[in-house]
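Reading through the structure tokens given below for one structure.
The values are calculated or read from the model by the stated rules, or taken from the named source; none is laboratory data. Quantities reported herein were computed from a predicted structural model and do not represent experimental measurements. FYI the Cβ positions are ideal-geometry reconstructions off the backbone, even for glycines, and counts take in every protein chain you see. To get the accessible areas, we keep the full protein, side chains included, count just its heavy atoms, and leave off ligands, DNA and RNA. Shrake-Rupley method; radii C 1.70, N 1.55, O 1.52, S 1.80 Å.
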Amino acid sequence: MNVNDFDFHLPEELIAQTPLLDRTSSRLLVMDKETGAITHRHFRDITEHLEAGDTLVLNDTRVLPARLMGVKEETGAHIELLLLKQIEDNVWETLVKPAKKVKIGTVISFGDGLLKAECTGILDHGGRHFKMIYDGIFYEILEQLGEMPLPPYIREKLEDQERYQTVFAKERGSAAAPTAGLHFTDELLDEIRAKGVNIAFITLHVGLGTFRPVSVDSIKDHTMHAEFYRINQETADLINDTKKRGNRVISVGTTSTRTLETVASKFGGELKEDSGWTDIFIFPGFEFKAIDGLITNFHLPKSTLVMLVSALSNRDNILNAYNEAVNERYRFFSFGDAMFIEPQKKETHQ
């Protein structure tokens, strides 16, 4: 299977640069998982496509304002630091620009010395380890000094940083938002609960590798980046019970999907409390054990995420839906519109 099998034409003007004022007013393309039939809705209509007994699974990760602008103490040169992941208490793996100016022992100052970072290691891929030096609570200082690490295709400045967080974001640690969750409001979640739909949460901290292009021709030669996940027993039990009843598990986003399928694969189809790192790569031919349907945004051509959504339905259905979305001028990527790959409702397959 070749990477070019997942290509499609996307006009640049369809890449959403700013979020809509009302989260639920984004458009929703509903595609029947089996037949590929398409209907056009708005996201606030999602409740009509869910039924009592379904379980909706959301990723409660919170994006860190992980981009820091500072100066090199000895020269005053401007340095940009991007925090990737915490290695130990005050040591972080980072990307640095310009990297050539940062050697072991280099100290960078942020916010007139409110936070300092000393380089303690140079990594094979060019990244750096930094030890953070500060007084007080690190995450409070980061909220004060840091900026959201928006994806490279977003060039507009984000006025309200909370618009790149889901309303249920709780567990700090992501380098990017689980964007399918950005469409929900507290009011819409209340409406969904009132319909008898269960809502469950997992955590997967999205890494910047999610934006890394596939650089090999054959899909099977691609290596996925690893991301940290956690699922608690309450969520595991809820999903296991949903499956046993014959109801549907609807994953919100590819991050929730990767978490659930990682855990289900690990425990022979059943979900259990678990945490760890996943580099699961889902592409056509994958056998799903946990989810039935998926709410997701529209993804980049030739990306691993297009391959994942193709695995849940099939490539022809997905590429047809994407071409329809382009023709109908849907907005793409992080701040764009949404798609629901809808499985059969329970009452239609008893």
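Simple point charges give the picture: +1 on the Cβ of Lys and Arg, -1 on the Cβ of Asp and Glu, and for the chain a dipole about the Cα centre of about 520 debye. For the stretch 67-147, the convex hull spanned by the alpha carbon atoms encloses 84 Å³ per residue.
Label separation (residue 91 vs residue 286): 3.3 nm, computed from points 7 Å beyond Cα along the C-beta direction. Sparsely packed loop sites in the stretch 57-121 (the trypsin sites (Lys or Arg not before Pro) outside DSSP H, G, I, E and B with at most 13 other Cβ atoms within 10 Å) comprise 103. From the alpha carbon centroid of the stretch 141-203 to that of the stretch 33-59 is 19 Å. Charges were assigned to the Cβ only: +1 to each Lys and Arg, -1 to each Asp and Glu. The resulting dipole of the stretch 67-147 about its Cα centre is roughly 440 debye.
Its Kirkwood hydrodynamic radius, worked out from the mean inverse distance over all distinct Cα pairs, puts the chain at 21.2 Å.
Residue by residue, the stretch 12-20 carries 3J(HN,Hα) couplings of 4, 5, 8, 7, 5, 9, 9, x, 6 Hz when phi is fed to the Karplus relation 6.51 cos²θ - 1.76 cosθ + 1.60 (θ = phi - 60°); x denotes Gly or Pro.
Solvent-accessible surface of the stretch 67-147, taken per residue with a 1.4 Å probe and all protein chains present: 55 Å².
Per residue, the chain reaches -5500 deg cm²/dmol at 222 nm when only DSSP H runs of four or more residues are counted, each adding -39500 (n - 2.57). Normalised radius of gyration (Cα atoms, divided by 2.2 N^0.38 Å) for the stretch 183-286: 1.20. Cross-link partners for residue 116 among the aspartates and glutamates, with Cα-Cα distance under 17 Å and sequence neighbours closer than 8 places in the same chain left out: 73, 74, 80, 88, 89, 93, 135, 140, 143, 147. Its Cα gyration tensor gives the stretch 100-155 an equivalent ellipsoid. The semi-axes, each the square root of 5 times an eigenvalue, are 20, 19, 10 Å from largest down. Which entries of 33/85; 85/243; 195/345; 244/345 have Cα-Cα distances beyond 26 Å here? Violating the 26 Å limit, Cα to Cα: 33/85; 85/243. Summarising the strand pairing of the chain, around 70 percent of its internal DSSP beta bridges are antiparallel.
A Cβ-based charge dipole, computed about the Cα centre of the stretch 70-216 with Lys and Arg at +1 and Asp and Glu at -1, lands at about 700 debye. Taking only protein heavy atoms and a 1.4 Å probe, the accessible area of the stretch 29-96 is 47% carbon and sulfur. What's the FRET efficiency of residue 135 with residue 42 using the Cβ-Cβ distance as r and R₀ = 45 Å, to the nearest 0.05? After rounding, the FRET efficiency stands at 0.40.
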